[in-house]
């Protein structure tokens, strides 16, 4: 384990910020590009995880364990969010026989 | 070559595959791989508790729930109609603008210090448990109420309404 954690000693903090923002941007693009509601939901999960990784990196950088506790709370929240979101998607599928978000444009007005 | 950069490349690669795969089931499988690379990131940061929680909760519970929901819906017969190219280009420009803003803000920082693990016990269960049950005891208890309400809400939403179906 010590051998593994030695390898991050040379990684600058900017690399973690860059990685997290790239993955967050990929999540944003996924939400905008796809029409399948479940894939949109998965892009949201991708964004949540990018933020989790950044919080952990900052926590290690500052030597403060509060950041990792926040990540734990975010994971609990994500589990609740996924349960509710998938229930809503199942309900939509039952009513409209599709999970294409363009079918749901009645909510626009 | 540094392990971090290799794993970071894999994370970005699989994340791009998640949003570009045509079949939603492939999308979920790529998402599992992406989350596995995140677990490796946590291990490299010596956040062992988070690595295990990420492995069990995300890869074990949440993504299986996704896969299960997708298999309940029989979506294979009609594949997803892609959006028009104009919307795709606009979406990539929108996401790219966000990325450029962050990177430009990062450039003003200049060179940053390397991430050094000062306290090797930081991410271990013993240390995190002390923080969780001392400073964050109230949020911890409130999150149990959140999980209970989420469970009740999910059951309420997903069960069929007997008045409409009968």
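The values are calculated or read from the model by the stated rules, or taken from the named source; none is laboratory data. What you see is a predicted model; the values in this text were computed from it and never measured. Neighbour counts are summed over all protein chains in view; Cβ atoms, including those assigned to glycine, are modelled from backbone coordinates with ideal geometry.
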Among the candidates B:153, B:123, which residue alone is surrounded by 12 or more Cβ atoms within 10 Å (Cβ to Cβ) and modelled with pLDDT of 90 or more? B:153
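Please state which one of B:57, B:12 is surrounded by fewer than 20 Cβ atoms within 10 Å (Cβ to Cβ), within 24 Å of residue B:130 (Cβ to Cβ) and at the interface with chain A (Cβ under 7 Å from one of its Cβ atoms).
B:57
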Residue, nearest to the other protein chains (Cβ to nearest Cβ), within the range A:57-87, restricted to residues that are surrounded by fewer than 17 Cβ atoms within 10 Å (Cβ to Cβ) and either touching a strand residue (DSSP E or B) at 6+ places or on another chain (Cβ under 7 Å) or outside any helix (DSSP H, G or I) (or both): A:63
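Can you name the residue in the range A:92-101 that is more than 23 Å from the chain's Cα centre (by Cα) and part of a helix (DSSP H, G or I) and, of all such residues, is nearest to the other protein chains (Cβ to nearest Cβ)?
Initially, the range A:92-101 is screened for residues more than 23 Å from the chain's Cα centre (by Cα), giving A:93-98.
Filter once more, so that each one left must be part of a helix (DSSP H, G or I): A:93-96.
Values: A:93: 5, A:94: 7, A:95: 9, A:96: 11 Å.
So, considering only residues that are more than 23 Å from the chain's Cα centre (by Cα) and part of a helix (DSSP H, G or I), the one nearest to the other protein chains (Cβ to nearest Cβ) is A:93.
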Members of the range A:34-48 that are facing chain B (nearest Cβ under 7 Å) and in contact (Cβ under 8 Å) with a residue 40 or more places away in the chain: A:35, A:36, A:38
For residue A:25, work out the one condition from (1) without any contact (Cβ under 8 Å) to a residue 12 or more places away in the chain; (2) assigned to a helix (DSSP H, G or I); (3) surrounded by fewer than 19 Cβ atoms within 10 Å (Cβ to Cβ) it doesn't fulfil. (3)
